[in-house]
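Here's the structure, in structure tokens; my notes come after.
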Amino acid sequence: MPGVAELNAIGIVSSDPARSIAFYRLLGVDFPEDGEGHIEATLASGTRLMLDAEDVIRSFRPDWTRERGNQLALAFEVDGLYEAVEAAGFDAEKEPWDAFWGQRYAQLRDPDGVPVDLFAPL
């Protein structure tokens with residue numbers, strides 16, 4: 001019988017890897033300085049966040065096209081970064097608010113439109 005699957009990595013296809021790296025670095029993701037179309041960083045939780053350039057994906061899936069709409073959303077537990085991300089010129093979607101579920105919450109979008117939520121306990 002096979003073992004239980006464990007979420008180990010989240011992959012995002014990036015249309016502009018340098019801009020995506022800059023965005024996620026503002027959130028504390030420690031991407032290495034170089035990556036030839038594929039770059040990854042291990043988060044504090046142990047999960048890896050991976051970015052792949054579109055041409056890398058097309059190298060093994062030539063018919064790949066970018067989908068529209070919400071394909072996934074990421075949530076980072078962090079407080080006080082919304083303004084810094086917005087000041088850096090990234091898409092700040094919803095300013096921080098005190099959510100009814102007991103968290104301070106804010107919503108951003110990465111350079112490819114991936115929803116990225118920021119939250120911290122109240």
Query raised in the report: Counting DSSP beta bridges with both partners in the chain, what percentage is antiparallel, nearest 5?
Result: 65
Query raised in the report: Got the relative contact order for the stretch 33-95 handy, in percent, Cα pairs under 8 Å and 6 or more residues apart?
Result: 17
Report summary line: In Å, the Kirkwood hydrodynamic radius from C-alpha pairs for the chain sits at 15.6
Report task. Kindly write out, for the stretch 5-15 in residue order, the coupling ³J(HN,Hα) from the Karplus curve 6.51 cos²θ - 1.76 cosθ + 1.60 (θ = phi - 60°), rounded to whole Hz, with x marking Gly and Pro. Result -> 5, 10, 5, 10, 8, 10, x, 10, 8, 10, 7
Query raised in the report: Once both axes come from the Cα atoms, what is the angle between helix 17-26 and the longest principal axis of the chain, in degrees from 0 to 90, rounded to 10?
Result: 30
Report task. Quote the charge dipole size of the chain about the Cα centre in Debye, to the nearest 20; the model charges only the Cβ of Lys and Arg (+1) and of Asp and Glu (-1). Result -> 280
Query raised in the report: If you average 1/r over every pair of different alpha-carbon atoms in the stretch 13-78 and take one over that average, what Kirkwood value in Å do you get?
Result: 13.0
Report summary line: Per the 1/(1 + (r/R0)^6) rule, R0 = 35 Å and r from the Cβ atoms of Ala5 and Arg109, FRET efficiency to 0.05 is 0.75
Report task. May I ask you to give the solvent-accessible area per residue for the chain, in square angstrom, as obtained with a 1.4 angstrom probe? Result -> 64
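The values are calculated or read from the model by the stated rules, or taken from the named source; none is laboratory data. Note that this is a predicted model, so its numbers are computed, not measured. Don't worry about glycine lacking a Cβ; one is built from the backbone with ideal geometry, like all the others, and counts go over all protein chains shown. For accessibility, only protein heavy atoms count, side chains too; no ligands or nucleic acids. Shrake-Rupley method; radii C 1.70, N 1.55, O 1.52, S 1.80 Å.
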